[in-house]
1. Summing +1 for each Lys or Arg and -1 for each Asp or Glu, what net charge is found among the other residues whose Cβ lies under 14 Å from the Cβ of Ala321?
2. Between Ser95 and Arg243, 0.36 nm times their residue separation minus their Cα-Cα distance comes to what?
3. Explain nothing, just the number: relative contact order of the chain, from Cα pairs under 8 Å at least 6 residues apart, as a whole percent.
4. To the nearest 20 debye, what is the magnitude of the charge dipole of the chain about its Cα centre, counting +1 on the Cβ of each Lys and Arg and -1 on the Cβ of each Asp and Glu?
5. What length, rounded to one decimal in nm, is gained on full extension from Ser257 through to Lys78, with 0.36 nm per residue of separation minus their alpha-carbon distance?
6. Need one number: nm distance between label points at Leu387 and Phe62, each 7 Å from Cα along Cα→Cβ, rounded to one decimal.
7. Roughly how many nanometres apart are two label points built 7 Å out from the Cα toward the Cβ at Val280 and Lys345?
8. By average Cβ neighbour count within 10 Å, what is the ranking of 62-69, 290-297 from highest down?
Amino acid sequence: MNIQQLLTFAQQNFDRFLEELNAFIAIESVSSDPERSHDIRKAADWLSNKLNSLGLDHVAIFDTPLHPIVFAEKIFDKSAPTILIYGHYDVQPESPVELWNTPPFDATVVGTRLVARGSTDMKGQIIAGLAAVEALLFGKEELPFNLKFIYEGEEEIGSPSIRDFLEEHKELLAADTVLNLDAGMINADTPSITYALRGLAYFELLVKGPAQDLHSGVFGGVVDNPAIVLSQLIAGMKDDQRRITLPGFYEDVRSLSDKEREELARVPQTADTYLSQTGVPHLAGEQGYTCIEQNTARPTLDVHGLLSGFTGEGAKTVIPAWALAKLSMRLVPDQDPVKVADQLKQYLSENAPPTVIWDVKTFTGGYPAFCDPDQPASKALQDAFELTWGKRPVLKREGASIPIVTEMKEILGIDSVLSGFALPEDNMHAPNETLNLEVWRKGILTIIHFFDLYSKQMADA
Ligand SMILES: [Zn+2]
């Protein structure tokens, strides 16, 4: 069956796909609400029935300490490459419910949009993926690649069970690429694929001076002030080019190729956008880089909180006994949060005066991730977007972390293709979450093209 027939099949079934989505949405799978754990279970059951109805094999619901993980696969040839499709069937809470214009779990079409919790994040994306799989399996008896599926129910609460699950099921989940549709588009006309994410190293820095707060008249001038020392140490962590001064900090930073810089320049996020989004009087990035590069492809250092001495009303003249800062670094490929902790400690040993004692507490961080945008699956999706949207997707990096992408890479060794059809105006996590139905339908066709192009690549290989 040719690609046109697969696309026609999908077009003829759009209404049914939408009905399925509505039924899926009606299950209130709010992962943070213990009262609704039976709904979570119901959503996992619904999904496993759906996977069974598609004729997939080894459909299973795995229990975890919290919410179940749903798995399925279709193996055509063990030696062929495998695409692992990832998704999460849990949703954010609907509160504050009074701000919804329609019932959150009763999907309502308003104009060209479907309004409901989970419509975009990400039940709509799951159904789009499965609709494409259905078209594909309907049209082709044999594929030159295999499919696996994993759906978790804890993404919106930080995925506490997924790490152990990946560790324990490495063989079951073995694949060549992960298709993750939990990201979005830049706008309805501009698709995107995210190929790199920043990691994080987070610390608490304590600087201790006298045994207790001291009278600044009686002792001022002979003892050092921990609040001033802490401020100086922090100020010294960046130079006047706004580069971070921790020893060796940039050694593992992958430099941007000219091609990457050209791609990132396509992201419609300019200095003016940042100015209007933040309300700051002036921007302050590392010299030599554009805003989008500073924000996604370069590491940063920030202070999140400071605590020391007297901060009450009026005046009190103490030399504080200690000063504390919470600080973190956003890391880029191939930095390592463990190494960064050592770099911070080395900086402190070299720069802290002997008048104080310092201590660093390390909080959980995360590794940055880089998923090769030239891998076959990413190429196939780029071409698929070009066919449906008439333009190449923007290949971008993300300033924040998406732990599942990092874990798939770290634990299973698989690069993700991170994309999707969510739009910035879809109110994800907020009241009146929407799904743009026109974009969603185009999304289904895009995934069908993706499978088709990937098949051709694999058949040619
Ligand atoms: Zn999501």
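Rule-based calculations on the coordinates, nothing more; no lab input. Because the structure is a prediction, the values reported are computed rather than measured. Please note: Cβ atoms are built from the backbone with ideal geometry, for glycine as well, and neighbour counts cover all protein chains shown.
1. Values: positive: Lys208, Lys316; negative: Asp213, Asp224, Asp359.
Its environment carries a net charge of -1.
2. On the way: separation 148, 0.36 × 148 = 53.28 nm, distance 4.16 nm.
Gain in length upon complete extension: 49.1 nm.
3. Numbers: 906 pairs, mean separation 115.0, N = 461.
It comes to 25 percent, rounded to a whole number.
4. Values: 39 positive and 66 negative charges, 157 e Å.
Here the size comes out at about 760 debye.
5. Numbers: separation 179, 0.36 × 179 = 64.44 nm, distance 3.63 nm.
That pair, Ser257 and Lys78, stretches by 60.8 nm at full extension.
6. 3.2
7. 3.1
8. Values: 62-69: 17.1, 290-297: 20.4.
Most protected by this proxy first, the peptides run 290-297, 62-69.
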